[in-house]
Amino acid sequence: MRGRNKADITIVGAGILGLLGALELVQRGVSVTIVDDAARRPASWAGGGILSPLYAWRYSEAMNQLAREAVPRYQTIVALLSAAGLPVDGLLYQSGMWVATRPVEQEMALQWAASQSWEARPCLAERVMSGSPAGDGVFFPHLGSIRNPRLLRQLRAYLRRSGVTFVNARVTALHPEDRGGRLILQDGQVLVAETVLLCAGAWNDRLLAELGPSPALFPAKGEMLLYQLPAGRVPSIMLTEEGYLIPRSDGAVLVGSTLRRGDASDYPSVNGRYRLESLASHLLPELALHKPAFHWSGVRPGCDRDHPWLGAIPGRKGWFAAAGCYRNGLVAAPACAALLAQLICEEPTELDSQLYAF
Ligand SMILES: Cc1cc2nc3c(=O)[nH]c(=O)nc-3n(C[C@H](O)[C@H](O)[C@H](O)COP(=O)(O)OP(=O)(O)OC[C@H]3O[C@@H](n4cnc5c(N)ncnc54)[C@H](O)[C@@H]3O)c2cc1C
């Protein structure tokens, strides 16, 4: 790392972007402090963890470049946690992913998969999951999901052991200076930082607004249900236009998700539950006979383009941010974190950083 104080990077937010950003930085020998407001539930906890954008071929190349290597990147992260003696059972589950497609789109999906050198084959839903009424689709055998709440827990444990300091507080104001600046915390405390990385998810817009004009960002609430079924009953992620099933390795099955643009409220609703129960029985009719074990919600960091904003904040030396990962923050986080660390440490970047620049 050239020309920076090694002991002075402060990250705001301990969702997946903040934690993986910290991991990339500590691997470069940088000392990191993370300020996180435990009263706000990260979207990274609430999300489903699918390691692909939904209908990936509908997205821009800029988004797909962030998502393409998600599975191998998470394999590396899980191996690192495992080597440190942390429990990694079920953290990464390569169950495969089946996607419902109409005939024209099926061709498009297969061509797109070939262009990415991804294995994919046309397949009836019923052949992947018995009893599925979903019809024609494409199966991607190498895809899967991460068990995100557990992953966040293990990442925090790893980072603590690596010397990262966690401060449980809400940042209420930012005072930029010539380089970096001061972060004012809820209790009046002040943190001075030479380099700051803002990873505050759906709450980033308020912080960015203090630094100058910022891109249009919005909250987008999402709700999920969990059913406990025998392990293997849902063998693969099953994605349709209406919603999806995500299996965990122990038989838990997530049904998701609702999407309410502009809604930043963080509690599950009766309406959301009703919609998700209908969706569950539509995707797998026998779920009508089961009671969901858990119902929750989270707030996605929405933005009006299909790929996030990542990098330095113009005109503010020492300030960086990751904003607007929207529906794809978990799949994109390893690549986003690597790009941010490369920019902060003034290294050559693997990806074209201009595609994501503020
Ligand atoms: C229902 C649902 C399903 C989803 N499914 C998927 C999926 O299958 N695959 C996928 O890739 N993505 C999915 N997503 C999207 C994904 O979860 C998000 O894009 C991603 O988690 C965003 O990560 P983040 O680190 O930017 O923000 P967050 O995870 O929200 O973390 C932000 C952190 O910042 C903290 N914070 C905020 N403001 C402050 C402040 N002022 N001071 C201090 N701390 C602060 C918060 O407490 C929080 O811990 C889903 C999201 C939802 C809600």
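Checked against (1) open to solvent by 20 Å² or more (accessible area, probe 1.4 Å); (2) within 11 Å of the ligand (Cβ to nearest atom), ILE146 passes all but a single condition, namely (1).
Checking GLY85, GLY18, GLY3, GLY47 one by one, the residue that is under 27 Å from VAL164 (Cβ atoms), over 16 Å from the mean Cα position of the chain (by Cα), modelled with pLDDT of 95 or more and not hydroxyl-bearing (Ser, Thr, Tyr) is GLY85 and no other.
Rundown of residues vs (1) farther than 20 Å from ARG150 by Cβ; (2) in contact (Cβ under 8 Å) with a residue 40 or more places away in the chain, yes/no style:
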{"residue": "MET238", "(1), (2)": "yes, yes"}
{"residue": "GLY256", "(1), (2)": "no, yes"}
{"residue": "GLU277", "(1), (2)": "yes, yes"}
{"residue": "LEU289", "(1), (2)": "yes, no"}
{"residue": "VAL299", "(1), (2)": "yes, yes"}
{"residue": "GLY315", "(1), (2)": "yes, yes"}
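Pick from region 9-39 the residues that are part of a loop (DSSP other than H, G, I, E, B) and buried (at least 18 other Cβ atoms within 10 Å of the Cβ): which of them is farthest from the ligand (Cβ to nearest atom)? Ranking the candidates gives VAL30 first. Taking only region 279-321 into account, find how many residues are under 30 Å from LEU351 (Cα atoms), open to solvent by 10 Å² or more (accessible area, probe 1.4 Å) and within 16 Å of the ligand (Cβ to nearest atom). Total satisfying the criteria: 9.
Of all the residues in region 79-99, those that are open to solvent by less than 20 Å² (accessible area, probe 1.4 Å) and of a type in the set (Val, Ile, Thr) number 1. Scanning region 212-224 for residues that are more than 10 Å from the ligand (Cβ to nearest atom) and open to solvent by less than 10 Å² (accessible area, probe 1.4 Å) yields nothing.
Out of LEU81, LEU66, I need the residue that is assigned to a helix (DSSP H, G or I), within 16 Å of the ligand (Cβ to nearest atom) and in contact with a helix residue (DSSP H, G or I) (Cβ under 6 Å, 6 or more places away or on another chain). Which one? Spell out how you get there, then give the answer.
Numbers: LEU81 fails: within 16 Å of the ligand (Cβ to nearest atom).
Result of the check over LEU81, LEU66: LEU66.
Within region 100-118, identify whether any single residue is touching a residue at least 40 places away in the same chain (Cβ under 8 Å), within 16 Å of the ligand (Cβ to nearest atom) and open to solvent by 70 Å² or more (accessible area, probe 1.4 Å), and answer yes or no. Checking region 100-118: not a single residue is touching a residue at least 40 places away in the same chain (Cβ under 8 Å), within 16 Å of the ligand (Cβ to nearest atom) and open to solvent by 70 Å² or more (accessible area, probe 1.4 Å).
The values are calculated or read from the model by the stated rules, or taken from the named source; none is laboratory data. Not measured: the values here are computed from a predicted model. Note: ideal-geometry Cβ built from the backbone for every residue, glycine included; neighbour counts use all protein chains shown. Ligands, DNA and RNA are stripped out before the accessible areas are found, and what is left, the full protein with its side chains, is counted by its heavy atoms. Shrake-Rupley method; radii C 1.70, N 1.55, O 1.52, S 1.80 Å.
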